[in-house]
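Notes follow once the structure below has been shown.
The values are calculated or read from the model by the stated rules, or taken from the named source; none is laboratory data. Computed from a prediction, not measured in an experiment: that's the story for all the values here. Because the Cβ atoms are built from the backbone with ideal geometry, glycine has one as well, and the counts that use them run over all protein chains shown. Calculation scope for accessible area: heavy atoms of the full protein, side chains included, ligands and nucleic acids excluded. Shrake-Rupley method; radii C 1.70, N 1.55, O 1.52, S 1.80 Å.
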Amino acid sequence: MMGEGTNVDKAASIGNYLNLYFGQEQGIRLGESTVVSRKAHARMPEKRVKGQIKILTNRDAGKKYLDYVDIDQVVHIDVYHRPGQIDPRDIARAIFWQMEQHFIEKDPHLQYAEDERFKMVADYANKIFITTNQGKGVMYELFQNVVKPYQEGEEGWDHVHVLARLNREEYYLVYVIAETVEAVVIESGIKLAKVRNIIHGNQKEERESYAGYIKLPWKNFKGQHAKQMPDKENVNQLILKLAEKFGGVDEIEEFMESYSTNVFKRKGVEQQKKKWGDVEHDIEQLQELGLLKDTPFGKILTKQGLQLKEFVVNHKCELETEIRRNTRKMPGSGGRFKKLGKVDQQSSAVQYTNRNKTKNNSEANWSGDLAVPQTVIQATKNSFMRGDSQLSIKKEDLHYYEKKSYIPIDVCLVVDASGSMAGDKRQAACFLAEHLLLSGKEKVAVVTFQERSSTVVVPFTKNQRILSKGLSTINPAGLTPMADGIETAVNLIKDNRVRNPLMVLITDGIPNIPKWTMDALADGLEAGSHVAQNRIRFICIGVESNRFYLEKLANQANGVLYLVDDLNKDNLINIVRHEKKNMMDSKRNLA
Amino acid sequence: MIPFYKLERYEGNEALFDLVTMSIVSSYVGEPLHLHAEGLRGTGKTTIMRASRQILPNITRIKGCIYNCDPEAPHCPHHRHLDLEQIAALGTEIIPMPFLEISHSTKVGTVAGSIDLSRLTDPAHPEAQLLPGIIPQAHRGIIFIDEINRLADTSPEITDILLDVMGNKPGHLQIEEAGLPVVDIPVNVSIWAASNPDEDPGPLEEIRRQLSDRFDMVCYMGRPDSLDILSNMLQENSHMHRVQKASQTEKVNDAKHEALRQDIIKWGHLYEQTDLPDFLRNYIARLYIKHNLESIRAIEAMQQGAVLHSVIKNRDKVQITDVTYMIPLVLKHRVDGDTLVRMINDTDSRGNKDGILSFRGKKNKPREEEEEYFANNARALKDMHRGELVNTEKTLTPN
Ligand SMILES: [Zn+2]
């Protein structure tokens, strides 16, 4: 249709358009089948408008799909198609050759520079990631036949999902890629699907639909006898899902009681929201599982719902163990955070003697915890080997108990409990506290600040009961008296015998209630300087929009600032774990 | 000790009885099966494991061989070079299948081996000889480790040894003692472990993931939740107490235990002749691929477990239910809860008698709509005019 040579122009002009729209945080539909942006894309089943694709303006594609920290690195190209299987290797090979052709068309001299040409394409091939419903991988690897399996639920099952790390000058390649992918789809005997329209918007809190795969005996086993094991695992998993949301068995019970017929225990959605954040999703899920139902008087538990509640009450002990097991679990490594600043503080180690292990080191001096039995055994053996006429103990026979050392790090969380922290952020901070206590040997304390003052909700403790009880009193509301919170934590640390204290400030805001003066911000910095004076290790976990102030605060406290997109539990745990590891390394350097 | 056959069985501990029996059968024919029982205090995990000692069958070894050399396949440094005649000359003896314990305070030398002090200090003929430790001495038998999570936490050296011993079937062990030649021997030992994931230092998989994965099966113990069972258990305990006081412990049980022992020997022979049918092997392989499992050990354990389970249930053919029964036992410690539940719910054992099985159809809603989400086909870019290529939200949205 088009004349010779126009493809280069066409691609270049598309490149210009993309620069324009991407600059405005927008995506486009390229042709009819392809959606291009620097964001994540989603279908819109909730709208019941079919064929529509939503561009999620609050979800950067590189961050979401490739765990990049910086935004706008990646162009996201989705080519939608009718059901059918597409081999990602075919896509990779076709793009490879097509790019090469394109470069030659652009610069005919390349025709004779095969090596250079190959290198150019290979460079791009390492920056392009392809997923289809038959597999995925970096283009370069796919080109060499290395395919990773496609997993259920991933991007790519109704479209070819391409992520390309391109800079602005390279956006023309988007056209080359899209056109090539389309060609492969068609060659595979599959029709392209027409994207009806695109819309832009934020992605709402992502929560999985566990009702989709959890099977309860009364729900799916129609007429079939439910086997005991699956049954148990399903109920367990449901409880774990609810615990992730609500906290623990007591809270699950409290939540379910909000739907009992006992009017005194019923709680309105608004009241629930304050503590647990958005509960609508879970209500929907429970309804789908047949545990809740609508009545003229509102939602109530069904017979099965009551049964489940009873099960929870009767198996509290085991369920709590399962929940604790889940809480101890380390999240996948990585995490999306940015670290600003660094500290050089030394941690002190605790030494103890390991009675299980002895060392025989004749080079060492004559001091240490002598392991008498081991020494006698060694002497007996060596006397024999040396040919001594009788047992003699020489220096080379001496065995000492091994000394081990570890660095205890007692953590004090300083949690912003102002109104904006209600719901998921509150839950994440509580989860972090539980995780630290359960997965380590050290003490944990929690200080919250809200309204006009701060509270020690959990003193330094190793006792999970005390911790959980304290955490359950956190009800975010009001303003942000950060200076008071920090000051309370400093005093708490000073007044207790804590080892290598680490103060972790978690906030989604900046101070707006002062402590000593009329200036809340200045007071916050002042409190920060007290942290430094007391040589307390300090980190602050906040969000990008408050970077300017929080960076100053971290500086004042001689600490480090971590910025996250989202104050979720995985981010929080990964940051604290990262920091604790730093503290341990700082000891090792000393030795 | 309460006789094995008198131990109370209920829903929460039933699987462990099966697993223990399966592991003994498997060990008897020379194929270890490593088990880990996890549960709170009072779930009886250690009681069951220790009591099963009473039903262990006998094995034959070269007379006096502390490494338990099988006369037909000697492996120890003293006997592995001998020919059949020389071995015959040494004679054989019958011993109970070994059952030894390692605790979290056991020293490395005791576990692997160390110099034999009694030989060394023998006033008449002192000599430097290796005394094999608990692991080589448990060859062809079982080692029980209570509180394995504490062991993994405090004793990385023993953990490393266990990783080698459990790494392959048979595993291997290297015994090093200064001044003596290094001994490297194969060991066929089933490791049984117990732990309370809720006590310090927490679940094994968080302490040493690798070691946790080496266990073929993990049994998550539940507590008895019926009053009848509890009162039976109490009665049994107090009865035993009185019996022991009267010091009649020996007489209580042996006929029943002997019957169990004979069963185990019979099952052992049956196990050697039973193979997993192709369609089930195929099915396990599909599970592995579909759910993207990482551990090959897991599917090997599933095979071994399914066959053993069918054998101890006196079936002549392995059924799909033998496989599905294994799924939580083999996978719960290896995959996350969501994956496990999806796998369990994925299997549909309709008509398991004729061995037909199928994966359930996709349940996810969006998938059902798959066919219809896009109403029209699209034209290809190469067939379009330049002016049609770029479409924005505005140009696409009808007013
Ligand atoms: Zn031998």
Matching option when the condition is over 30 Å from the mean Cα position of the chain (by Cα), surrounded by 14 or more Cβ atoms within 10 Å (Cβ to Cβ), hydrophobic (A, V, I, L, M, F, W, C) and not assigned by TED's automatic domain parsing to the domain that holds B:VAL183, among B:ILE87, B:ILE62 | B:ILE87
Look through the stretch A:223-270, keep the residues that are at pLDDT below 75 and part of a helix (DSSP H, G or I), and return whichever of them is farthest from A:GLU318 (Cα to Cα).
-> A:GLU270
What are the residue pairs meeting all of these: first residue in the stretch A:313-324, first residue under 12 Å from A:ILE252 (Cβ atoms), second residue at pLDDT below 85, Cβ atoms under 7 Å, and 6 or more apart or on different chains?
-> A:GLU320/A:GLY248; A:ILE323/A:GLY248
Please find, within the stretch B:101-128, the residue that is farthest from the other protein chains (Cβ to nearest Cβ) out of those that are assigned to a strand (DSSP E or B), more than 22 Å from B:ARG53 (Cα to Cα) and away from the ligand (no atom under 16 Å from the Cβ).
-> B:SER114
Of all residues in the stretch A:381-418 being under 27 Å from B:SER118 (Cβ atoms) and small (Gly, Ala, Ser), the one that is surrounded by the most Cβ atoms within 10 Å (Cβ to Cβ) = A:SER383
Restricting the stretch A:288-337 to residues that are at positive phi and touching an Asp or Glu at 6+ places or on another chain (Cβ under 8 Å), the residue that is surrounded by the fewest Cβ atoms within 10 Å (Cβ to Cβ) | A:GLY334
Which helices (runs of 4 or more DSSP H) does the stretch B:315-377 wholly contain that include 3 or more residues that are at pLDDT 80 or above?
-> B:320-331, B:337-346
Selection from the stretch A:294-312 of residues farther than 14 Å from A:LEU242 by Cα, touching a residue at least 12 places away in the same chain (Cβ under 8 Å) and basic (Lys, Arg) yields A:LYS299
Kindly list, by first and then second residue, each pair from a residue in the stretch A:177-189 that is within 9 Å of another protein chain (Cβ to nearest Cβ) to a residue that is of a type in the set (Ser, Thr, Tyr), limited to pairs with Cβ atoms under 6 Å and residues at least 6 apart or on different chains.
-> A:ALA178/A:THR34
Condition met for B:GLU14 (under 17 Å from B:LEU260 (Cβ atoms) and either within 14 Å of the ligand (Cβ to nearest atom) or within 14 Å of chain A (Cβ to nearest Cβ) (or both)) = yes
Identify, please: which residue in the stretch B:30-43 is crowded, with 23+ Cβ neighbours inside 10 Å and over 14 Å from the mean Cα position of the chain (by Cα) and is, among those, modelled with the highest pLDDT?
-> B:GLY39
For the stretch A:533-552, name all the residues that are open to solvent by less than 30 Å² (accessible area, probe 1.4 Å) and over 24 Å from A:ASP570 (Cα atoms).
-> A:ILE536, A:TYR549
Before we move on, is B:PRO98 modelled with pLDDT of 95 or more, touching a Lys or Arg at 6+ places or on another chain (Cβ under 9 Å) and within 16 Å of the ligand (Cβ to nearest atom)?
-> yes
Which pairs do you get when a residue that is within 13 Å of chain A (Cβ to nearest Cβ) and of a type in the set (Phe, Trp, Tyr), found in the stretch B:313-329, comes within reach of a residue that is open to solvent by less than 60 Å² (accessible area, probe 1.4 Å) and assigned to a helix (DSSP H, G or I), reach meaning Cβ atoms under 9 angstrom, with the pair 6+ apart or on two chains?
-> B:TYR325/A:MET229; B:TYR325/B:ALA15; B:TYR325/B:ASP18; B:TYR325/B:GLY305; B:TYR325/B:ALA306; B:TYR325/B:HIS309
Grab the strands (runs of 3 or more DSSP E) fully contained in the stretch A:365-458, keeping just those with 3 or more residues being over 26 Å from the mean Cα position of the chain (by Cα).
-> A:400-406
Kindly establish whether A:ILE186 is open to solvent by less than 30 Å² (accessible area, probe 1.4 Å) and among the β-branched types (Val, Ile, Thr).
-> no
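Just checking, which of A:LYS119, A:LYS136 is free of Cβ contacts under 8 Å to residues at least 40 places away in the same chain and not hydrophobic (A, V, I, L, M, F, W, C)?
None of the others qualify; the one that does is A:LYS119.
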Taking A:TYR562 as meeting all but one of (1) of a type outside the set (A, V, I, L, M, F, W, C); (2) under 16 Å from A:VAL343 (Cα atoms); (3) open to solvent by 50 Å² or more (accessible area, probe 1.4 Å), write down the number of the exception.
-> (3)
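Results for (1) open to solvent by 10 Å² or more (accessible area, probe 1.4 Å); (2) more than 11 Å from every other protein chain (Cβ to nearest Cβ); (3) more than 21 Å from B:LEU381 (Cβ to Cβ), shown as yes or no for each residue.
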| site | (1), (2), (3) |
| --- | --- |
| A:LYS10 | no, no, no |
| A:LEU20 | yes, no, no |
| A:GLY31 | no, no, no |
| A:VAL35 | no, no, no |
| A:TYR68 | yes, yes, yes |
| A:TRP97 | yes, yes, no |
| A:HIS109 | yes, yes, yes |
Would a scan of the stretch B:75-88 turn up a residue that is assigned to a helix (DSSP H, G or I), more than 10 Å from the ligand (Cβ to nearest atom) and in contact (Cβ under 8 Å) with a residue 60 or more places away in the chain?
-> no
Flagged in the stretch B:131-157 as open to solvent by 10 Å² or more (accessible area, probe 1.4 Å) and in a loop (DSSP other than H, G, I, E, B), in numbering order, are B:HIS139, B:ARG140, B:GLU147
Look through A:VAL176, A:VAL146, A:VAL160 and report the one residue that is part of a helix (DSSP H, G or I) and on the phi < 0 side of the Ramachandran plot.
-> A:VAL176
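Quick one: would you say B:ARG208 is more than 14 Å from chain A (Cβ to nearest Cβ), among the basic types (Lys, Arg) and crowded, with 19+ Cβ neighbours inside 10 Å?
When the stated conditions are applied, B:ARG208 does not pass them.
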So, of the residues in the stretch B:44-64 that are outside any helix (DSSP H, G or I) and touching an Asp or Glu at 6+ places or on another chain (Cβ under 9 Å), which turns out to be nearest to the ligand (Cβ to nearest atom)?
-> B:ILE62
Of all residues making up the stretch A:134-174, the number that are in contact with a His (Cβ under 9 Å, 6 or more places away or on another chain) and under 28 Å from B:ARG379 (Cβ atoms) = 12
Examine the stretch B:66-77 for a residue that is surrounded by 20 or more Cβ atoms within 10 Å (Cβ to Cβ) and in the same structural domain as B:SER23 (by TED's automatic domain parsing), and state whether such a residue exists.
-> no
